[in-house]
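The values are calculated or read from the model by the stated rules, or taken from the named source; none is laboratory data. Because the structure is predicted, anything quoted here is derived from the model rather than measured. Cβ placement follows ideal geometry from the backbone for every residue including glycine, while neighbour counts extend to all protein chains displayed. These accessible areas exclude ligands, DNA and RNA; they are computed on the full protein's heavy atoms, side chains included. Shrake-Rupley method; radii C 1.70, N 1.55, O 1.52, S 1.80 Å.
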Amino acid sequence: MKHIVVGTAGHIDHGKTSLIKALTGRETDTLEEEKKRGISINLGFTYFNLPSGQSVGIVDVPGHEKFIKNMLAGASGLDMVILVVAADEGMMPQTVEHIDILSYLNIKKGIVVMTKCDMVDEDMLELAEEDIKEGLIGTFLEGADILKVDSISKRGIEELVEKLDKMSSEVEERNNHLPSRLNIDRVFSIKGFGTVVTGTIIEGTISVNDELEIYPRGKKAIVRNIQVHGKNEEKAYAGQRTAINLANIKVTDIERGDILAAPDSLLESMMLDVKIKLLNHDTCKLENWDRLKLYHGTREILCRAVPLENESMKAGDEGFVQLRLEENIVCKKLDPFVIRTYSPMDTIGGGIIIDTCTEKHSINKHTPKLIEELKIKESGDEKSILEVYLKNNSSSFPKIQDMMSYVGVSKDRIEELISVLKEDGKVIDINNRIVHKEYFEFIQEKLLKILEKYHKENSLKLGMLKQEAGNKVDSSFKAKDIDAFLAEVKRKGLIKIDNNQVSLADFEVELTDEQKKIKSQIENKLKSMGYNDICTIDDICEGDKNKKAVLDSMIGVEVQLLDEEYIISDELYQNAKKSLIEFLQKNGEMTLAEFRDLMNSSRKISMLILENFDKEKVTKRIENKRVLC
């Protein structure tokens, strides 16, 4: 079943609260001051059941211009709106402002209700209806049904209920599969239970015993109890007005405007790239560095505006703007918002959040590229958004959770998108580090330049050690990251890897006749030593730089380095490996003494060779024995 929240809107004293009482039988003005003054100050909440059985939550918002902040907090999360206009006054300033605000909050369905119809004659009713129709031209309520209602006698209430029932079937169901998110609009304490927060679940589901995070405070809390429409529930769904009893959190640790959501599911920032559309009112304009009030969810934040396409915007203009905030915001891309001027406080526009950002933007030579990227993000195409994100953030190797927060989708969906981008050749997986192909090409070119320089300076060395090369490309790379990265570059035919050394694909060691003679001498000496003796690099080179250069060119090919000091001929090394494997295949395990006897060697030499086999993962040591890996 869908879960729907309906809200009221309209000018002060036009009968919103009385209408809700006629619909539900419940009073939403609960404060003593509200009852005394006869006006709504805070948000009111109740519910009722439609004839179809659909349960609907209702939010009653204040109509006074002084309480627009409260109205905005209540309007967050609505599916439909009942615009209330008194027949004796018609469209008033707050009626217009409320319509403007609702249009920016992506509310598409609504009914217009004329109240206090018993206070005017039929001619006046007709004039009021025409006034309303004219005032709604160009708004999302243009052409909406206009019902005549008297909340006291309940004239028209039955027809209103029928219309709401019909419209509720047309409301698009919210996404229960995204990480949970609830904008907190009330916080209070109940004796014996503790802290309670209320709000509309925007996305996902919330269950008893869930651990949730309170943003932007970074505090964790456990869901102790859930109430929906006055009943205890084990789970609440997107679109439901919900009261949640939280454990491990104090009332003083939360306030209206905070967000209760799945841990690590939201982005936090001090700057936003947004798309703003200004109202088409004569007084609306936006200049560079104007101070504004930003309304997002149930929160109000002060900010400065930096238009990105022109130095200023005039009434009716639409464009990309960077908002530099005076405190952190927590949000998702494509979240709606409203902006009002700082002083005097007038609603001038609204729009959607395109991106959170850490880099300040302004109009410059890079602006066209920035605007193109913002258009892609604005499109809402998840694959394109993820690709742009990876293109801009691959150097920090973002985690799956980072991608989830940025794109605003589940882990499963991110993994699907990554698979598609891999198939398209747009991204590359380096040991589960997903990077854009442009960044991979950048670090690949960096590797090739490192190797080119290395070969010039070490012309007789077969190549650079893999670990050294990988760390020069990116110091954060672990051994498995290096292996995955080098394997991908090798697959392209740009490098070759011999043993533990990497070189350019076309690099070959070229020896002079004298060097070839030295090489032959080294080979003969190492072979003649067999397994009964072993020598060091210093033993072979005897301080001769030419011998050292030739020996370096042989390591990894004709010569194996057993540690940083001892060497053995590759022929002897490979024969020892073959004998070892045959023994283990037959016997399953081998001691150091058994290997020593097998090779007719010394304990020291046997230990050096076995430790090298362990490093190569030919064998692994279990207590005092070796087995095959």
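Listed values for segment 371-377 are Karplus-derived 3J(HN,Hα) couplings in whole Hz (6.51 cos²θ - 1.76 cosθ + 1.60, θ = phi - 60°), namely 4, 4, 5, 5, 5, 5, 5, and x replaces Gly and Pro. In a reduced charge model with +1 at each Lys and Arg Cβ and -1 at each Asp and Glu Cβ, segment 200-323 shows a dipole moment near 460 debye about its Cα centre. Computed from backbone phi, the HN-Hα couplings of segment 267-280 come to 8, 10, 7, 9, 9, 9, 9, 9, 10, 10, 10, 7, 5, 8 Hz, rounded to whole numbers (Karplus: 6.51 cos²θ - 1.76 cosθ + 1.60, θ = phi - 60°; Gly and Pro given as x). Largest to smallest in accessible area, the residues F440, F140 fall in the order F140, F440 (1.4 Å probe, all protein chains included).
Computed from backbone phi, the HN-Hα couplings of segment 186-198 come to 9, 9, 7, 10, 10, 4, x, 10, x, 6, 10, 10, 10 Hz, rounded to whole numbers (Karplus: 6.51 cos²θ - 1.76 cosθ + 1.60, θ = phi - 60°; Gly and Pro given as x). Under a 5 Å amide H cut-off, with hydrogens placed 1.01 Å from N, S180 pairs with T205, A262 among residues at least 5 apart or on other chains. A cut-off of 5 Å between modelled amide H atoms, ignoring neighbours fewer than 5 places along the same chain, links T619 with D614, C629. Placing H229, H436, H366, H177 in order of accessible area, with the largest value first and a 1.4 Å probe, yields H177, H366, H229, H436. Ranked from largest to smallest solvent-accessible area, with a 1.4 Å probe on the protein heavy atoms, R181, R174 come out as R174, R181.
Using R0 = 35 Å, the C-beta based FRET efficiency linking F442 and E508 works out to 0.80. For a modelled paramagnetic label at E571, 7 Å from Cα along Cα-to-Cβ, the residues of segment 523-544 in reach, with backbone nitrogen under 13 Å, are 523-531.
Take I434: with every protein chain present and a 1.4 Å probe, its accessible area is about 10 Å².
Residues whose amide H comes within less than 5 Å of that of R155, counting only those at least five positions distant or on another chain, are D150 (H built at 1.01 Å from N in the peptide plane). Accessible area per residue for the chain is 48 Å², calculated with a 1.4 Å probe on protein heavy atoms, without ligands, DNA or RNA. The C-alpha atoms of the chain define a longest principal axis, and helix 603-615 lies at about 30 degrees to it. Restricting the GluC sites (Glu not before Pro) of segment 537-580 to loop positions (DSSP other than H, G, I, E, B) with no more than 10 neighbouring Cβ atoms within 10 Å leaves E542, E564. Just the protein heavy atoms count here, and of the accessible area of the chain at 1.4 Å, carbon and sulfur take up 45 percent.
Rounded to the nearest 10 degrees, the inclination of helix 411-423 to the longest alpha-carbon principal axis of the chain is 60 degrees. Look at where the Cα atoms of segment 346-405 and of segment 219-279 average out, and the two centres are 25 Å apart. Principal-axis analysis of the Cα atoms of the chain puts helix 157-168 at an angle of about 20° to the longest axis.
Is the shape of segment 147-202 rounded, prolate or oblate, going by the alpha carbon gyration tensor and its root eigenvalues a ≥ b ≥ c, with a/c under 1.5 for rounded and a/b larger than b/c for prolate? The shape class here is oblate.
If a spin label sat at a point 7 angstrom from the Cα of D264 along the line to its beta carbon, no backbone N atom of segment 172-192 would be nearer than 13 Å.
What does the C-alpha gyration tensor say about the overall shape of segment 472-629? Classify as rounded when a/c is under 1.5, otherwise prolate if a/b is larger than b/c, or oblate. Since a/c reaches 1.5 but b/c is at least a/b, the shape of segment 472-629 is classed as oblate. Reported to the nearest whole Å, the Cα centre-to-centre distance from segment 78-97 to segment 130-167 is 10.
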